[in-house]
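S.K.: I have a structure here, written as structure tokens, and I will follow up with some questions on it.
The values are calculated or read from the model by the stated rules, or taken from the named source; none is laboratory data. From a predicted model like this one, the values you see are computed outputs, not experimental measurements. Glycine gets a Cβ as well: all are built from the backbone with ideal geometry, and neighbour counts include every protein chain shown. Ligands, DNA and RNA are excluded from the accessible area calculation, which covers all protein heavy atoms including side chains. Shrake-Rupley method; radii C 1.70, N 1.55, O 1.52, S 1.80 Å.
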Amino acid sequence: MPSIKRHKFKLSSEQLLEMLYWLKLIRSFDERLSILVRQGLVRSGVYSGIGQEAIVVGTCYGLRTEDYICPLHRDLGTFLIKGVPAGVMMAQMYGKATGLSKGRDSALHSGVPELGIFGNTSMLGANAPVGAGLALTFKLEQSDNIVLVYFGEGASNTGDVHEAMNFAAVHKLPLVFICENNIYSYSTPIEKSMAIEDVADRADAYGFDGVAINGNDVLAVYQATQGAIARARAGEGPTLVECKTYRWHGHSEHDKPFYRTADEEAVWKSRDPLPTFTSYLRGQGVLTDDILQGIDQRIRTEIDAAVAFAESSPEPSPEDAATDLYA
Ligand SMILES: Cc1ncc(C[n+]2csc(CCOP(=O)(O)OP(=O)(O)O)c2C)c(N)n1
């Protein structure tokens, strides 16, 4: 098995600052959502992605609109970076008529085909064969669009994920498997669900490359994903990128993570992807205090506006309950 090819993808100062903006916007969105849940204003299941933003930004940054993503329950940020306005996303979480599913759902189940988003299904791992199907379509159409499929280390144990990997390898599909390994599958730690250390090793069994990287380093995630995407576009088949990370909150906002120690949480919080990237940009002379303040101010305004939009949006009306439904 040849080792994975490393490419360096150059980013301009503007692009690096844009990445910082997305990291911070997604963090702020999730933080506000968490408060809204505790205030009883958002009643949907909220699966905070706080701590995992570098994976969202590093994988989605620079995707074409036509490239498809199949995100997870924790990947609200992928919707934002793919182009869903923050207000619409907030209205979705409020279950309002202006949300993606027009109030029929208040989670991430809705897809947005025109933005290349296939909505999450709640069956763990079930998005992997769907992603393989989308990638097969791109291959049959002879387009060079690609698909990113996300799954957790817990879902990597399901049959669906293995079937999708095998199928993608056999047909050399333009597919990148993104494993978000945050160590816990709900309350089950990884050592109780897998006898190997790296999920990335599983790719080898199917005949393609897997790489395990620091999922809290946005540039490491970007470089690895862009390498995998370049190979996928060139017809060289799938890659598995395993991003090692940690979720700061419980499995969902109603879960008190009593199964973890405060020491473990403190270690991972010290690896927060945001300050790491911020200091890097300062060191590169790309970021100044003024620029940072400007980004923070812009984000405060956007999040406030998103909440105001959701709050003032109408509830779905019962008369519409059966529209847009197909049987
Ligand atoms: C097939 C299936 N089994 C169990 C569940 C219940 N469940 C929902 S999320 C979850 C944990 C998922 O862990 P992981 O795949 O590692 O993703 P994470 O939540 O850590 O991001 C479980 C067990 C489910 N939704 N589907």
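S.K.: For the stretch 189-222, enumerate the residues that are closer than 22 Å to Leu281 by Cα and open to solvent by 40 Å² or more (accessible area, probe 1.4 Å).
M.R.: Asn214, Asp217
S.K.: When Lys139 is evaluated against the numbered criteria (1) without any contact (Cβ under 8 Å) to a residue 24 or more places away in the chain; (2) charged (D, E, K, R); (3) away from the ligand (no atom under 13 Å from the Cβ), which criterion, by number, is the only one it fails?
M.R.: (1)
S.K.: Is it the case that the stretch 309-316 has a residue that's closer than 20 Å to Trp248 by Cβ and in contact with a Leu (Cβ under 9 Å, 6 or more places away or on another chain)? I'd like the intermediate steps shown before the answer.
M.R.: The initial filter retains those residues of the stretch 309-316 that are closer than 20 Å to Trp248 by Cβ, namely none.
No, every residue in the stretch 309-316 fails to be closer than 20 Å to Trp248 by Cβ and in contact with a Leu (Cβ under 9 Å, 6 or more places away or on another chain).
S.K.: Only one residue in Arg298, Arg282, Arg260 is out of contact with any strand residue (DSSP E or B) (no Cβ under 6 Å at 6 or more places or on another chain), more than 27 Å from Val88 (Cβ to Cβ) and open to solvent by 80 Å² or more (accessible area, probe 1.4 Å). Which one?
M.R.: Arg282
S.K.: Pairs under 9 Å by beta carbon, first residue on the phi > 0 side of the Ramachandran plot in the stretch 66-93, partner in a strand (DSSP E or B) and not polar (S, T, N, Q), six or more apart or different chains?
M.R.: Gly83/Val112; Gly83/Ile117
S.K.: Against the condition more than 16 Å from the ligand (Cβ to nearest atom), of a type in the set (A, V, I, L, M, F, W, C) and in contact with a helix residue (DSSP H, G or I) (Cβ under 8 Å, 6 or more places away or on another chain), how does Ala228 come out, does it pass?
M.R.: No.
S.K.: Any residue at all in the stretch 96-114 that is part of a helix (DSSP H, G or I) and within 16 Å of the ligand (Cβ to nearest atom)?
M.R.: Checked the stretch 96-114: no residue is part of a helix (DSSP H, G or I) and within 16 Å of the ligand (Cβ to nearest atom).
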